[in-house]
1. For the residue pair B:Asp249 and B:Thr71, what label-to-label distance in nm results when each label sits 7 Å from Cα along the Cα-to-beta-carbon direction?
2. Please state the equivalent ellipsoid semi-axes for the range A:1-113: what are the square roots of 5 times the Cα gyration tensor eigenvalues, largest first, in whole Å?
3. Viscosity 1.002 mPa s, temperature 20 °C: give me the Stokes-Einstein translational D for the protein assembly as shown in µm²/s, with Rh taken as the Kirkwood radius over C-alpha pairs.
4. I'd like the orientation of helix B:309-324 relative to chain B: the angle between its Cα long axis and the longest Cα principal axis, in ° from 0 to 90, rounded to 10.
5. Rg (Å, one decimal) plus Dmax (Å, integer) for the alpha carbons of the range B:57-128?
6. Can you tell which of A:Val35, A:Val362, A:Val284 shows the greatest fluctuation in a Gaussian network model of chain A with Cα springs below 10 Å?
7. In whole Hz, what ³J(HN,Hα) sequence does the range A:387-399 give by Karplus (6.51, -1.76, 1.60; θ = phi - 60°), x for Gly and Pro?
8. For A:Tyr179 and B:Glu404, what is the calculated FRET efficiency with R₀ set at 60 Å and r taken between the beta-carbons, to the nearest 0.05?
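Just so it is clear, none of the values below were taken in a lab; they were calculated from the coordinates. Given the structure is predicted, the values throughout are model-derived calculations rather than measurements. Here the Cβ positions follow ideal geometry from the backbone for every residue, glycine too, while neighbour counts run over all protein chains shown.
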Amino acid sequence: MASMRTILILAAILLLLVAVPPFLGIAWQNALVNVLIASLFALAFNLLIGQAGLLSFGHAAYFGIGAFAALHLMIAVEDGFDFPTPLLPVAGAAAGLLVGIVAGYFATMRSGVYFALVTLAIAELFHSLAPHLQGVFGGESGVSSMRMPWQGIVFGSIIEVYYLTLGWVLICGLALWTYTRTPFGRLTLALRDNEQRVRFLGYDAHAAKVIVFAISAMFSGVAGALLAISNETANYSLFATDVSAQVVLQTFVGGSTVFFGPVVGAAAFTLFSFLVSDLTRSWVFYQGLIFVLVMLFAPTGIGGVVQFHARHRRQLDRSRLAGPYALALLGGLLIAGGVVYLTETVAVLFGQGYAVRMRDAVDGLPNYDLFGISWNPVSILTWLLPLVLVAVGGVILVRARRSIAGFWDRVGRSDGPVETKAAAPGGPA
Amino acid sequence: MKRIATTTIAAAGALVAAASAGHAEPLKIGIIESLSGSQTSTGRLYATAVEYGVDKINEAGGFNGEPVQVTEYDNAGGAPEAADKFRQAVADGVDIIFQGASSAIAGQLTEDVRKHNIRNPGKEVMFINLGGEAMELTGEKCQFYHFRFTTTAPMRVNALVNAMKEAGDLGTKAYAINQNYSWGQDVQAAVEAAAGEGGYEVVDEVLHDVNKIQDFAPFVARIKAAAPDTVFTGNWSNDLLLLMKAAGDAGLDVTFATAFLDQPGNIANAGKTALGHYIANNYDNAASESDAFPQAYKQATGHVPIFVEGHSAFALAQLQQALGTLDLGGGDIDVTKIALALEDTTYETPVGPVTVRKEDHQTIRPVVVSKVVENAKYPADDTDMGFETVKIVPAEEAIYPVQESCDMQRPEE
């Protein structure tokens, strides 16, 4: 049962989501719109992997279909069709549901790797077919439309789009959460745990899986429609594998075993790309690194780690844990600092700007600027610094991990908040 | 309802404008380019060329009494990401956006710019498209604040036909093999359309999947069966490379007429197979007697301009010339005035003049047709091979008529 505490936390988050954005710049408002859309998409995706145990590698198909359906409805509205702008995502839901039923019928005939491959193939089918159907998908430069005013709301500014998105994401999130509480939601879990038993109990497992798949596709379609409303355009690249891959990464980093885990992952990744992508060209590398570290050391994801602590909060001796945790954080930060330093140095030294300066330099290798300091590439100090950072960080981390593992052993939980050979949650970000 | 809202937005915009008057406002340029992902190598070249051009403007004193500011935004090769970066750029106060590495992203950006300008009168943003060659950008999607500073399929194909015919390399039988999406279809249509003028017959044509084919042998066999003299292809990246290699392996004796043979790495990868093949593009270093521009570019960036860098740098130089005719008196940046000035500017590139066609904002520009030779003046990819100019097709011969689908709304003057 949801405790009073959980309800309070959710209410506080809701209040922040409603009250804060008007005071933010449009860049932040836009980033939050993306966070919300990614969250809904990840939640819808997690219905399959987290609840039903089906790993789909082609959810871009339903996301994209939702976007195009909403856009075509928007175009109709622009041409005079009377339809309230805030209800546009209904088109995405309907399209996602329809395509989801058909695709799900075929995909769920198999499970495991074969299921993943079929979903991947279906998404690729859309991806390769879309550029040829110029009338529907608009060819290379895509379909475009404009949000029309409704009942005095112009939908011209990003903040209006934000509230529209927030409303839809909250309703859909609530619907998905309620779903997990229904008998059919329980049956979904049973499908994951033991499909054969479900069949022996007299249920039609295939039909049930098609329904779960279609519901997941429907909510993905809503997310796609929200993106279409926000961007007012869509092109066939929405069907690309990286869209499918992104939602998988977000869900796993966030934690697929916890209901709100995917939201954490989606928010983390979206904000990471918003904040870091213009600071460094290596941001995709860091993103990959974070994914690998989370998978290696905290396979239940960020959400899983948080949930573990929440579950054992009565056994937690905060005063004894705070020290080792702070130490682990320090170690992690030192290692992160060393890795970031090395990555950025390599990027600078092999970059074009440095090549020019190297040519112009009179003697030897010229210094380069990083983090506001000038470094000499042939000085030992330049290379010693990251090594020292990583080494010291490593030693601290190993020690901290040992005492954290010891603590959880004493509590009687040998599995620990993270894998016992754990690094601190959060890699070099 | 909409009108009231628009007026409110306009009034709010005017207030902001009034509040900020009195300070010289710097011109802000945003590069929304593919700086991570599979198109990075091309995106990087566009960004380098734009930054080179901005440096030139600032060396000459900037604009409006301030140095021009330039910011890079990474669109990661995707249209939705580009839409995000556009909003980021608007939040940063960017006035002019540059992009080139993909027509899909150009399509996204031109629409974003159009909508932004409808909603924010007085705070317009303009988009200079350096490489999106899809016809619809100056057709159905044409708009006043979009300028295309590159060629399109008909310009490249017409120039190839013109120059190859003169050089006696065209023959009478042509074959078209292209990627099955808007660009490849545009090239195929242009090859068909130029048949009468070029005096050739299109013996066969093929559209194939984009960058998915690993073995072009079946296609080469089909080309061989048709026995053409010239094979026209708009293919780029792997599709061009593998096609040429397969043709070389099969001992096919044809001349390839291409659009992207100068993409970095192509000549080195194709090796001797590439010799004798043609390319039509915006600019080539060997096309001009003077080596002033390549040397100046090398001085600043470490390498002579390759692939898309030359024409992108010229687009900035043309903008610089247009800015030179404007005096905003240290006041606010008026993008509409800059756009109008750019329309009236003729820039002399080393290969000939470039002007903007007012009806659709396609630039009327010369097209350079070159052929791969050994011991070239400017070797490509550290080989001894490179491009030798066959003909510079003058702007007025290369241009095609304005597309009927273009219905441009001009700002009220």
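1. 4.9 nm
2. On the way: eigenvalues 161, 128, 32 Å².
Gyration-tensor ellipsoid for the range A:1-113: 28, 25, 13 Å.
3. Details: Rh = 29.3 Å.
Diffusion coefficient, whole number: 73 µm²/s.
4. 30 degrees
5. Cα only, the range B:57-128: 13.0, 36 Å (Rg, Dmax).
6. Between A:Val35, A:Val362, A:Val284, it is A:Val362 that shows the largest mean-square fluctuation.
7. Calculated HN-Hα couplings, in order: 5, 4, 4, 5, 5, 4, x, x, 4, 4, 5, 4, 5 Hz.
8. On the way: r = 52 Å, r/R0 = 0.87.
Rounded to the nearest 0.05, the efficiency is 0.70.
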